[in-house]
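Below is one structure, written out as structure tokens, with a few remarks after it.
The values are calculated or read from the model by the stated rules, or taken from the named source; none is laboratory data. Since the structure is predicted, the reported quantities are computational estimates derived from the model, not experimental observations. As a convention, Cβ positions derive from the backbone with ideal geometry for all residues, glycine included, and neighbour counts pool all protein chains shown. All accessible areas refer to the heavy atoms of the entire protein, side chains included, with ligands and DNA or RNA removed. Shrake-Rupley method; radii C 1.70, N 1.55, O 1.52, S 1.80 Å.
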Amino acid sequence: MQSSKNFLTRRRFVAMGALGGAAVAVACTSGRQGDWDFFSEAQARTLTAICDQIIPADDFPSASQAGVLTYIDNQLVRHFRRHQESYRDGLENAEAISRKRFGRELAALTAPQQLEVVSAIEQQHPDFFNLVRSHTLQGYYGSPRHGGNRDAVSWRMLGLPEPPPLGRAQYDLRKGSPQ
């Protein structure tokens, strides 16, 4: 029989597993920047200005007030992962245009100045602008469960009923027809 020094005891195994799990947890969260999974605070401010020019506030909330940035941020670390570089480059280009025209970051500009910069982005970087516009509309009009359309504001704006929770039939089964 070998000495117990060469064997891994249950206690050591559990301790090593706990240390390994803690290391993985730290590695997974160390990339976070403030309240965002993907964006830095500066990138989030820039994207807020762009999205709020696409859907500005009126009688209903703006894109950022409806949670569109949360939606885009969540999706960029999941389903939209392939667009991460486009967002990094596009937001950097947006800031370069803003600084060249007005000498300040986009978020610090007045609404008319922001609109001028966003219009320039649309002309100079149409692929990025179309991507952001598409994601903004998805976040604003999509299901709140994905992080956007906070409190179903866009559905109320359109007069649409909120859909039932997932898995619930949308039919009145007593009548055999849709509600």
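Quick one: which of Arg101, Arg133 is open to solvent by 30 Å² or more (accessible area, probe 1.4 Å) and more than 11 Å from Ile54 (Cβ to Cβ)? Steps first, please.
Numbers: Arg133 fails: more than 11 Å from Ile54 (Cβ to Cβ).
Step by step, each of Arg101, Arg133 is checked, and only Arg101 is open to solvent by 30 Å² or more (accessible area, probe 1.4 Å) and more than 11 Å from Ile54 (Cβ to Cβ).
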Practice task
Check Gln113 against each of (1) touching a residue at least 24 places away in the same chain (Cβ under 8 Å); (2) in a helix (DSSP H, G or I) and name the one condition it does not meet.
Solution key: (1)
Exercise for the section: Test Arg88 against the stated conditions and say whether it is open to solvent by 60 Å² or more (accessible area, probe 1.4 Å) and outside any loop (DSSP other than H, G, I, E, B). Expected result: yes
Handout entry: So Gly159, is it open to solvent by 50 Å² or more (accessible area, probe 1.4 Å) and at pLDDT 95 or above
Key = no
Handout entry: Residue count, the range 51-62 (criterion: open to solvent by less than 10 Å² (accessible area, probe 1.4 Å) and either on the phi > 0 side of the Ramachandran plot or in contact with a Leu (Cβ under 8 Å, 6 or more places away or on another chain) (or both))
Key = 1
Handout entry: Residue list for the range 33-85, restricted to those being touching a Cys at 6+ places or on another chain (Cβ under 8 Å), under 20 Å from Glu105 (Cα atoms) and part of a helix (DSSP H, G or I)
Key = Leu69
